[in-house]
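First comes the structure, then the notes that go with it.
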Amino acid sequence: MSELLQQLLNGLSLGAIYALIALGYTMVYGVLRFINFAHSDVFMVGAFIGYYMGKLVPEHTLWGGLAVLGAAMVGCALLGMTIERLAYRPLRGAPTLNVLITAIGVSLLLEYTGQVFFGAAPRNFPAVFPVRSFSLGGVIVSSNQLIVIAVSVVLMVVLQFIVYRTKIGTAMRAVSLNPKAAVLMGVNNDVVISFTFGLGSALAAAGGILYALNYPSIDPLMGVMPGLKAFVAAILGGIGNIPGAALGGLILGTVETFVAGSEWSTYKDAIAFAILIIILLFRPAGLLGKFTVEKV
Amino acid sequence: MLTVTDLSVSYGAISALGGISFTIEQGAIVTLIGGNGAGKTTTLRTISGLLRPKAGRIEFLGADITRLPAHQIVARGLCHVPEGRMIFSNLTVDENLAMGAYLQHDKELIAKNRDYVFSIFPRLKERIKQMAGTLSGGEQQMLAIGRALMGSPKFLMLDEPSLGIAPRLISTIFEKIVEINRNHGITILLVEQNANLALEVSSSAYVLETGRIVMHGPSRQLRTDPQLKATYLGG
């Protein structure tokens, strides 16, 4: 029993990180209908901003950790908005395939520019937050797991508030439902799209920091695998659906952790993706997605 | 109030509007009638900035708005209720109205406009928390008009408000259109396939045929025009 709880806890904290990244994929898909492949590299840049910021603050302090987190989020929000402005906005109205190829290009650019600046060798991420472990009835809870869960919950509540309770959030949903009608309401869609990239990238940065706290070896290609998993999580939950992305991330992280802790651990990714395929066979639009026919 | 001069629009190589000109006076209800593909919707979409003209000039309240982005044209008080209504189906009725007031910052004015919308369309008030996509066609049209009114428009362009609506609701909606014009002095440009109805509520009309204006004059006069009667008014 306690082993089950332990794995569940480990799984949820990994899943929360996937969820944070998945939210960015799904929000950008919502407003622009394409997959931003560069998103996983924004995640990586977030971890590197954290690495350099971590040298400026004392280790093992709560405020130091939060400062690192905040800096990475702000830095990546600006990065995401810059990418959108320079790479995607000129392609507004172009076929989706062109934008997708551009996104892959931006992704490679970030990865290999990262190798030039940061070097290809992995670096050790500093322990910016205090590190402790607690034992609760046989379940070992690390402070990092608590931080992951607390930060993810807070960010998702804030996101929920922004999307459902503010004017810009309502505009985001409106642009996602019908961009032309949104323009006729006086919405400047470019501003809303830019805001969406900023928001998604800030969440990816938070994911990057939390990931690096738990897997403290960072390198410029570190975004590839978690990025792919988060992308899968977004599809699993129903692409374009915000609660779906969060749910997809939690499910994927939990399944992966349970398989990793079993005798089939070698196949953890294969089994996680097999589950995705099975779910999509039965629910092609994802768990919370609505099946709609693509308008031509 | 609105002056359109030699407006030409084309979709690729296909010309949709071949240099049309017309003027709309403040406070009027003017209708644009014509068959399918005559260029009615194209005209409205070009005025509201959704389409870019190939040539010509659009002036609103004395200012050239021909090349302005659509969201800045709305900000000047020119509001377009598009064909097919284009309500935000997964937003509630309330949120749709809030989107209509996107550019309004005066809370009192927003509340006043909301009350006005509910006074002319009480049905919307009953459905305030409902997803807009679950409304009937007529209710969605009310919402589309109500949403436009939330922005305190000076000039309203309505594209086919009778399309896909139960007959008994059509007369209600047209009564409300006239009421909006009378009580609030909102100038209206109405595009309709139902020419009888359009000529009944409007003061003057333009007849569009394959991208050209072929006839215009006071609506009362056009209603008795033998040629128009034969083509659009069912004899």
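List of remarks:
- Of the beta bridges in the protein assembly as shown, as assigned by DSSP with both residues counted there, near 60 percent are antiparallel.
- Degrees between helix B:107-120 axis and first principal axis of chain B (Cα, 0 to 90, nearest 10): 70 degrees
- Shielding score for B:97-104, defined as the mean number of other chain Cβ atoms within 10 Å: 5
- Selected from A:Phe195, B:Leu199, A:Asn36, residue furthest toward positive end of dipole (the protein assembly as shown; charges at beta carbon): B:Leu199
- When B:His105, B:His80, B:His184 are compared by accessible area at a 1.4 angstrom probe, the order from most to least is B:His105, B:His184, B:His80.
- Accessible area per residue for segment B:2-232, computed on protein heavy atoms with a 1.4 Å probe, is 43 Å².
- With both residues required to sit in segment B:2-232, DSSP beta bridges show an antiparallel share near 55%.
- Where labels lie 7 Å past Cα in the beta-carbon direction, separation of A:Ala127 and A:Tyr267 in nm: 3.7 nm
- Under a model in which nothing but the beta-carbon of Lys, Arg (+1) and Asp, Glu (-1) is charged, segment B:2-232 shows a dipole of about 140 debye around its Cα centre.
- In degrees, nearest ten, helix A:143-165 long axis to first principal axis of chain A (Cα): 20 degrees
- Over chain A, relative contact order from alpha-carbon pairs under 8 Å, at least 6 apart, %: 36 percent
- Heavy-atom accessible surface of segment A:212-296: percent carbon and sulfur, 1.4 Å: 70 percent
- Using alpha-carbon coordinates, inclination of helix A:189-214 to the longest axis of chain A, degrees: 10 degrees
- Partner shielding of A:160-172 amounts to 1, given as the average count of beta-carbon atoms from other chains within 10 Å of each residue beta-carbon.
- B/A buried area, accessible surface, summed, 1.4 Å probe, Å²: 1900 Å²
- Residue ranges A:237-248, A:99-110 sort as A:237-248, A:99-110 when ordered by packing (mean number of other C-beta atoms within 10 Å per residue, highest first).
- Spacing of the modelled spin labels on B:Asp94 and B:Glu25, each 7 Å from Cα toward Cβ, amounts to 4.4 nm.
- Accessible surface, 1.4 Å probe, highest first, among residues B:Thr187, B:Thr41: B:Thr41, B:Thr187
- Neighbour cut-off at most 13 other Cβ (10 Å), DSSP loop, chymotrypsin sites (Phe, Trp or Tyr not before Pro), segment A:192-296: A:Trp264, A:Phe291
- Here the contact order of segment B:2-232, divided by its residue count and restricted to Cα pairs under 8 Å and six or more residues apart, works out to 28 percent.
- Residue-normalised accessible area of chain A, given per residue in Å² at a 1.4 Å probe: 45 Å²
The values are calculated or read from the model by the stated rules, or taken from the named source; none is laboratory data. Here the structure is a predicted model, which is why all the values come from computation and not from measurement. When we count neighbours, we look across all protein chains shown, and the Cβ atoms used for this are built from the backbone with ideal geometry, even at glycine. The accessibility values were calculated without ligands, DNA or RNA, using every heavy atom of the protein model including side chains. Shrake-Rupley method; radii C 1.70, N 1.55, O 1.52, S 1.80 Å.
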